[in-house]
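Any read-out appearing in this document is the output of simple, stated calculations on the displayed coordinates, not a laboratory observation. Because the structure is a prediction, the values reported are computed rather than measured. Cβ sites come from the backbone with ideal geometry, for glycine too, and all protein chains shown count toward neighbours.
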Amino acid sequence: MPAVRPVHAEIELRNRCTRWLGGHRPMRSMRESLLALAELPEATLPLDLYGEGEALQALEAEVAGLLNKPAARFFHKGVAAQLAALRVHCGAGDGPVALHPQSHIAIDEADAFEALMGLRGLRVGAPDTPFTAAELAALPEKPAVVVVELPLRRGGFVLPTWEALQAVRDWCRAQGVWLHFDGARLWEAAPHFGRSLAEIAALADSVYVSFYKGLGGLAGSVLAGSQAFLDATAPWQTRLAGNVYSLHPQVLAALDGLRRRLPHMAAWRDRARTLAAALAAEPGWQVTPEPPHTNSFQLHLPVAPEALREALLAHAREHGFWLGARAVASARVSGGAMVEIVIGDAADDWTDAQGVAAWRAAVQRAGA
């Protein structure tokens, strides 16, 4: 048997815990996950094959309806969905693509739109702040497409005001520029605007949404827009290895997430705000944004990242309370650490006071 890698040991430790601060309660084995999916009513339907299947098309139709777009197409991975979208919007040219320098497309997708698609990026906007229509107007050249990430995860899950988002839409329309929403966490963003998903999506020509973040699915995403736009992405889906033989586990998990978790997004945002307020009251601790715009936020702490990480793992071993295992250098606290906190159904198992006490213990251990 191969040696257990460190990340595998962390997964095993997380699964041994009885409480989890972030996200949703984890499935502890593949068997548990698959058995849960087998209980869904759609599990009796035939498997989808190469993008064709009753359950898969039902999922596409449901998301198209939620976003009030003419059509939707399921992709096995968001990277492929957004590369296909950008390539179609840019036509035969090289762009350019206007996007925030902290955007998921630039950082987490390793600039694939440039490296693989031969497109050019126009970085626009200040750190931790959504860009504005005025900043778009000040670009040295007109982009072919503007990408707005809702929310901007690397900036602290921040969102623009509704008026600012409308102004970006208005500028794009006036300039004849395509507008694409990177909505990996669009489900979580709706409560901030106090608008329906359809109202938000109506501002954009195309929208990408993910199923494995706030909805807790296995993987997969949907690209929504006009039928002509989606037809044009079809060959790119194949070229990007997205025409998978069967995707039924991802499809079932996505349908389950839409039913069970989408209705709770506003409540989880409110819970994130009460927890964030309690954490920000601790001396030397900072929360951003304050209050959180979504169910997720950054916590900046006055301890070194590696020391904090080890303290978090020790707390999990000793108390069975998983606070996470990732900590990076803070841009707000000199020499400190930053962690991301995401509220999901696991938060039903602990109170804010218990959450603060656990973080206090971890920080004290890390600073000892």
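How much length would be gained if the chain were fully extended between Ile11 and Glu54, taking 0.36 nm per residue of separation minus their Cα-Cα distance, in nm to one decimal?
Numbers: separation 43, 0.36 × 43 = 15.48 nm, distance 3.43 nm.
Gain in length upon complete extension: 12.0 nm.
The lysines whose alpha-carbon is closer than 21 Å to the alpha-carbon of Lys77, local same-chain residues fewer than 8 away aside, are Lys69, Lys213. Helix 227-239 and the longest principal axis of the C-alpha atoms of the chain enclose an angle of approximately 70°. Can you tell me the orientation of helix 248-260 relative to the chain, as the angle in degrees between its alpha-carbon axis and the longest Cα principal axis, to the nearest 10? Taking the Cα atoms of the chain, the angle to 248-260 is about 70 degrees.
Ranked for footprinting exposure by Cβ neighbours inside 10 Å, fewest first, Val147, Val333, Val342 give Val333, Val342, Val147.
A simple count of charges around Val146, restricted to other residues whose Cβ falls under 15 Å of its Cβ and scoring Lys, Arg +1 and Asp, Glu -1, yields -1.
Round to the nearest 0.05 the FRET efficiency obtained for Arg332 and Leu45 when R0 = 51 Å and r is the Cβ-Cβ distance.
Values: r = 49 Å, r/R0 = 0.97.
According to the calculation, E is roughly 0.55.
P(r) for region 234-368, from all Cα pairs and a bin width of 10 Å, is 11, 34, 26, 17, 10, 1 %, short bins first. Rg and Dmax of region 31-260, both derived from C-alpha coordinates alone, stand at 17.2, 55 Å. For the pair Arg317 and Ser29, label points projected 7 Å from Cα toward Cβ lie 2.5 nm apart. GNM on the chain, alpha-carbon springs under 10 angstrom: the most fluctuating residue among Val244, Val168, Val97 is Val244.
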